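**Student:** If you scroll down you'll find the structure; I have some questions about it.
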Amino acid sequence: MRVFVTGVAGFIGSRLSNVLLARGDEVVGLDNFDPYYAREHKYRHLRDLTGRRGFTFVEGDLRNAELLAKLFQTHRPDAVAHLAAMAAVRYSMAHPLVYGEVNVQGTMNLMDAARQLGTRPRCILASTGSVYGTSTPTPFREDAPADRPLAPYPASKRAMELMAHCYCHLWKMPTTILRFFNAYGPQGRPDMMPWQWAQAIQAGKPITLYNGGRIKRDWTYIDDILAGFVAALDTPQDFEIINLGCSNPVENLDFVAALEEILGKKATIIDAPTPPSEPLITYADVSKARRLLKYEPRVQVREGLAKFIAWMRVEKLI
């Protein structure tokens, strides 16, 4: 199978590409090296992909519809793994317009390039558990309205989902949307909480926890995310939205306690009010993923953090 992977130099895109190449698939990867975080991290992500048989890299931007159309006509992919996005809830509060440009219009450009191909490649699109906001009962089910996002990032992802449905409905493009819940693990982004907290604790710097550390997050290890994504690629749907989470929310205090144990250092904690962009809990109901994708999250937080910290030490990041 030839897979067009967007965001191939990112955290999940690079790890997915590694899995696909290892099993014999071809990968055409696109990334624009957005300066949201330093290129050195993206070069690290690409390190074990560059030069591999079956891997083609293109530097380009989702906002360039003409480029996408040419790439699809040249490479004619069987499937699309759409992971490129402007991420991060709090960053979106300061830069809202770019989220519409990249996450909404960029996704439309991508799906229109796939439409023009005429072969209806299966499309697997990465979304976020943040779309559920605070008005959804827990655990979050895919049939919840998800119509009260708390920031431009989840709002743009929900808009992306709706546009994807239009393309599926009108042009019969098989589409699966995967809502990721708090992905973490080796090769993670430097703006993510596990990375920032680990470095701060190791350096003896304070970390900020909201709501007395009682906020809960459904931390999902990268290998579980990848297993669900590959299963979605291998199991085309007409149109489905599917949660990929661990389905085991962990309080931030407990998450930090696990980091303290692994690092052998105590954290200095600053308490702060919860920002309006932050839900008090994320919690995925994964029964649909189990039914459709045979998905089963296997890595709990303590084990996942140990692997993450081991990787950070090897890379001399702590």
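**Student:** Of all residues in region 281-303 being out of contact with any helix residue (DSSP H, G or I) (no Cβ under 8 Å at 6 or more places or on another chain) and in a helix (DSSP H, G or I), which is nearest to residue 263 (Cα to Cα)? Show your work before the answer.
**Tutor:** The first filter runs over region 281-303 and keeps only residues out of contact with any helix residue (DSSP H, G or I) (no Cβ under 8 Å at 6 or more places or on another chain), leaving 281, 283, 285-288, 290-292, 300, 303.
Subset that is in a helix (DSSP H, G or I): 287-288, 290-292, 303.
On the way: 287: 34, 288: 36, 290: 34, 291: 38, 292: 38, 303: 13 Å.
Here the answer is 303.
**Student:** Can you name the residue in region 7-58 that is among the β-branched types (Val, Ile, Thr) and closer than 17 Å to residue 222 by Cα and, of all such residues, is surrounded by the fewest Cβ atoms within 10 Å (Cβ to Cβ)?
**Tutor:** Within region 7-58, the subset among the β-branched types (Val, Ile, Thr) is 8, 12, 19, 27-28, 50, 56, 58.
The next check asks that each one be closer than 17 Å to residue 222 by Cα; those that pass are 8, 12, 19.
On the way: 8: 28, 12: 24, 19: 16.
So, considering only residues that are among the β-branched types (Val, Ile, Thr) and closer than 17 Å to residue 222 by Cα, the one surrounded by the fewest Cβ atoms within 10 Å (Cβ to Cβ) is 19.
One line per residue, one yes/no per condition, for (1) within 30 Å of residue 39 (Cα to Cα); (2) surrounded by fewer than 23 Cβ atoms within 10 Å (Cβ to Cβ):
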{"residue": "140", "(1), (2)": "no, no"}
{"residue": "153", "(1), (2)": "yes, no"}
{"residue": "193", "(1), (2)": "yes, yes"}
{"residue": "201", "(1), (2)": "yes, no"}
{"residue": "209", "(1), (2)": "yes, yes"}
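**Student:** Within region 3-22, can you find the residues that are in contact (Cβ under 8 Å) with a residue 40 or more places away in the chain and over 18 Å from the mean Cα position of the chain (by Cα)?
**Tutor:** None; the set is empty.
**Student:** Given the criteria at pLDDT below 95 and over 18 Å from residue 194 (Cα atoms), does residue 297 qualify? Steps first, please.
**Tutor:** Numbers: at pLDDT below 95: no; over 18 Å from residue 194 (Cα atoms): yes.
So residue 297 fails the test.
**Student:** Out of all the residues in region 31-58, which are touching a residue at least 40 places away in the same chain (Cβ under 8 Å), within 17 Å of the chain's Cα centre (by Cα) and part of a loop (DSSP other than H, G, I, E, B)? Explain how you work it out, then say what you get.
**Tutor:** Quick first cut of region 31-58, residues touching a residue at least 40 places away in the same chain (Cβ under 8 Å) only: 31-32, 34, 36-38, 41, 44-45, 49, 57.
Then keep just the ones that are within 17 Å of the chain's Cα centre (by Cα); that gives 31-32, 34, 36-37, 41, 45.
Correct list: 32, 34, 36, 37.
**Student:** Sticking with this one: Could you tell me whether region 59-70 includes any residue that is assigned to a strand (DSSP E or B) and either among the acidic types (Asp, Glu) or over 20 Å from the mean Cα position of the chain (by Cα) (or both)?
**Tutor:** Our first condition is that a residue be assigned to a strand (DSSP E or B); within region 59-70, this holds for 59.
Okay, now just the ones that are also either among the acidic types (Asp, Glu) or over 20 Å from the mean Cα position of the chain (by Cα) (or both), so 59.
Yes, the conditions are met somewhere in region 59-70.
**Student:** Another question about this same structure. Is at least one residue of region 173-186 in contact with a strand residue (DSSP E or B) (Cβ under 6 Å, 6 or more places away or on another chain), surrounded by 21 or more Cβ atoms within 10 Å (Cβ to Cβ), part of a helix (DSSP H, G or I) and not small (Gly, Ala, Ser)?
**Tutor:** No, because not a single residue in region 173-186 is in contact with a strand residue (DSSP E or B) (Cβ under 6 Å, 6 or more places away or on another chain), surrounded by 21 or more Cβ atoms within 10 Å (Cβ to Cβ), part of a helix (DSSP H, G or I) and not small (Gly, Ala, Ser).
**Student:** Further question: For residue 91, work out the one condition from (1) closer than 28 Å to residue 154 by Cβ; (2) among the hydroxyl-bearing types (Ser, Thr, Tyr); (3) at pLDDT 95 or above it doesn't fulfil.
**Tutor:** Unmet for residue 91, out of (1) closer than 28 Å to residue 154 by Cβ; (2) among the hydroxyl-bearing types (Ser, Thr, Tyr); (3) at pLDDT 95 or above: (3).
**Student:** Look through 218, 223, 238, 285 and report the one residue that is at pLDDT 95 or above, crowded, with 22+ Cβ neighbours inside 10 Å and not aliphatic (A, V, I, L, M).
**Tutor:** 218
**Student:** Follow-up question, since we're still on this one. Filtering region 21-37 down to residues that are at pLDDT 95 or above and of a type in the set (D, E, K, R), which residue is farthest from residue 85 (Cα to Cα)? Before you say what the answer is, go through the steps one by one.
**Tutor:** Of the residues in region 21-37, the ones at pLDDT 95 or above are 21-33.
Filter once more, so that each one left must be of a type in the set (D, E, K, R): 23, 25-26, 31.
Values: 23: 26, 25: 23, 26: 22, 31: 10 Å.
For region 21-37, the residue satisfying everything is 23.
**Student:** Also, quick follow-up: Could you tell me whether any residue of region 201-211 is under 29 Å from residue 3 (Cβ atoms), in contact (Cβ under 8 Å) with a residue 40 or more places away in the chain and in a loop (DSSP other than H, G, I, E, B)?
**Tutor:** no
**Student:** What is the residue count in region 218-242 for residues that are more than 15 Å from the chain's Cα centre (by Cα) and either within 23 Å of residue 133 (Cα to Cα) or assigned to a strand (DSSP E or B) (or both)? Full working, then the answer.
**Tutor:** Let us first name the residues in region 218-242 that are more than 15 Å from the chain's Cα centre (by Cα), namely 231, 233-240.
With either within 23 Å of residue 133 (Cα to Cα) or assigned to a strand (DSSP E or B) (or both) added as a condition, the list becomes 239-240.
Matching residues across region 218-242 total 2.
The values are calculated or read from the model by the stated rules, or taken from the named source; none is laboratory data. Everything numeric here is computed off the predicted structure, so don't read it as measured data. We place every Cβ from the backbone using ideal geometry, glycine too, and count neighbours over all the protein chains shown.
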